[in-house]
Structure formats: C-alpha cells, structure tokens
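These notes concern the structure reproduced below.
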C-alpha cells in the first residue's frame, strides 16, 4: 500500500501541510520540499481539489518562509479569509437556530462542519463548511421545521430526486440570498441504514454537554464523531480534507478515545471497513497514528486492503488528474467495497439499483416522488 514517501513532491507537500501541527522532523521535511522547488500551479490545483488551502496558507510559510511563492501565498491567505467570513456567517445562523430550537424545547445537536472546525482545528478559518447540520429526534421534527420557517428558512420549490428521497435528513433549508445564503440540513439520523445500521438512540445516549461558539451545546462523543466522519467520507468525493478531520481528531484526542469502543461500535453498525480505511490513511499520509494494535483490531484482509487502495484509498485519492479537475468523485458503486462483508455489499448494491430505477421513473414522469413543503 502507498505511503507518504511514495508520492511525488507536490503531493508530499500537500499531505505534510494539511495539518494544524507539525513535528520538528515534519517541518524540516516540508521545508526541504519547498526549497527544492514546487510546481505552484499544481500546488494550487491540489490544495483546491482536496479543500485544504486554508491549512496550507499557514503551514507552508511557517515551515519554509520566503521560499513559498509570494503570489501563491497571497491567494491562499485570501482563501483562508473567505473561509473565516463564510464560517462566521454560518456560525451566526447556527446560533439563531439553536436558540429557536431551545425556546421550543427541542433538543438539538450540531454535527460536522463548524463543530469540526472549532473542536478539532481550533479555528473557523482552518476548515471550510458547506452547510449547517443539526440533528433532532424524529418526534421533534415537526416543531423543528416550524422553528426554521419562523426564522425565515425555506425549501426549494423544485427539489431534486436525491433531496426528495434522502433517508436521514430533510430536503435542504435555506435562509438569505446570493452570497449571504446559508444552507441547513435538518437531520433525524446521521447515515442511511441501507449502508450502515442505524444507532441513533445510542448516539443520543452517548452524547455529552460541551461548548461550541461560546455557547453550551450537546455534542457527539469523540468515538461516535470518529465513526460518523468515517461513514460520511465513504459517501463523499475523495478529498484529503475528510482524512484531515480524522487525523486532527487522532492527534488532539487519541489518548482520550476508547479505541475498543470504536472498534466494537464499528463492528455493530457495519462500519469496520470504512473506519479502518480512514485511520489507515491518516496514519500513512498525515502522520496521525492510532495506538499500536488498533488497526489490526479491525481485521481487514490483505486482498480487501489492496482493493480499497485502488477504489477509494490512497491510490484513488491521489490519482493523476488534469489541471482544473476537482471532481474526485468515483462512481458510487465502487464505494460499496467500504461495506463489511459480501452480504452487506450485496444489500447496498441491490438498494442502489432500486434507487436508480426510482430515479429514472421519477425523471421520466412515470412515478414521481412527491413532497409537501412546510
């Protein structure tokens, strides 16, 4: 399986720079790569494709100083400022939503996005977020939707098939217009049970009081955060950012994590393979190693490891791509290899085929999925 040193200079610099902290050895390695000369146009494409430019804007000049291209650094710093501005706007919106839900006696948990930026990266400027994600219990959904409407949120009049049939959150809610628009996903669960078994009651039971944006909130446990991030990555484009989230969690909280609980829960919900994959990539490419024996605890056969490497691991994530290609989205059929066992893979494939058939019928008007906007 590929290691950091198997990558070319720009990819090595990308991986070394896509973190909040570097050891003295890592700093020296990154400085050596920069001083030897990098293709800065390619570094921009890679940083943009993998959504880590806000991290590179800090780590590269700290490691290599004036050896970093001035024009490149100016662009990267602007990207970091834009990230902070965007996240700040969403933080204000999240505060209003949490206040509204609290006033309506609706328990709510913010997840992903801003939670990861503040909790793991320590700065809203370091990690972008596309939207807000708020988890409520299913019996509270009607009241939660009413709160969103009262706060000015709305749903699109014409919804895509994917939005209409999404298994674990509402079609997106929006507030504001243009560049000021904020998107919110109101969750009743955190993953689709056609791929991984639901554990929603356990997620709530294990959640704990915490602080976000200087306000008291309820947050997922660290162990559940790790598994949720692994599952989310298994259905997302192959961007390094998702692995950076895991690496930052391991670096900052690895000593506190109950690793046996992580392995047991991953086994129970069918996320053993995808959890192993993100931990392995964080170890190999981002220098965030779980304690000895943890990766072996997930019992992934060698043949499957090689298959994962080619379809959704290091080989796929760091594939060659033409300039400007920022897709990084493999065919979702390939992602079924992140499922546990032949039975789970077959179930996921069957579900995907049925879903594709429904989508075709919907698009052709044969059997349209209906949705009543609130």
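Once the Cβ-Cβ distance of residue 102 and residue 236 is raised to the sixth power relative to R0 = 30 Å, the FRET efficiency obtained is 0.50. Averaging the Cα positions of each part gives two centres, and for region 310-327 and region 294-309 these lie 21 Å apart.
Using Cα pairs closer than 8 Å and at least 6 residues apart in sequence, work out the relative contact order for region 102-195, in percent. After rounding, I find 27 percent. Approximating the spin labels as points 7 Å out from Cα along Cα→Cβ, the residue 138-to-residue 81 distance works out to 4.8 nm.
As a test of the formula, what do you get for the chain when each DSSP H run with n ≥ 4 contributes -39,500 (n - 2.57) and the sum is divided by the residue count, at 222 nm and rounded to the nearest 500 deg cm²/dmol? Roughly -16000 deg cm²/dmol at 222 nm, from the helical runs in the chain. With a Förster radius of 45 Å applied to the C-beta separation of residue 264 and residue 39, the computed FRET efficiency comes to 0.50. Axis angle, to the nearest 10 degrees, between helix 240-253 and the longest C-alpha principal axis of the chain: 80 degrees. Annotation: peptides 186-199, 48-61, 249-262, ranked by per-residue average of other Cβ atoms within 10 Å with the highest first, follow the order 48-61, 186-199, 249-262. Take each peptide in 217-226, 298-307, count the other Cβ atoms within 10 Å of every residue, and average; sorted highest first, the result is 217-226, 298-307.
Apply the a/c threshold of 1.5 to the C-alpha gyration tensor of region 69-169 and tell me whether it is rounded, prolate or oblate. In terms of gyration-tensor shape, prolate. Packing here is the average count of other Cβ atoms within 10 Å per residue, and on that basis the peptides 117-129, 200-212, highest first, run 117-129, 200-212.
Entry note, region 1-142: relative contact order of 20 percent, from Cα contacts under 8 Å with a spacing of 6+ residues. Per residue, the average separation of C-alpha pairs within less than 8 Å and at least 6 apart gives region 4-363 a relative contact order of 15 percent.
Every number here is computed from the coordinates shown, using simple stated rules; none is lab data. Keep in mind the model is a prediction, meaning the values are calculated, not measured. Don't worry about glycine lacking a Cβ; one is built from the backbone with ideal geometry, like all the others, and counts go over all protein chains shown.
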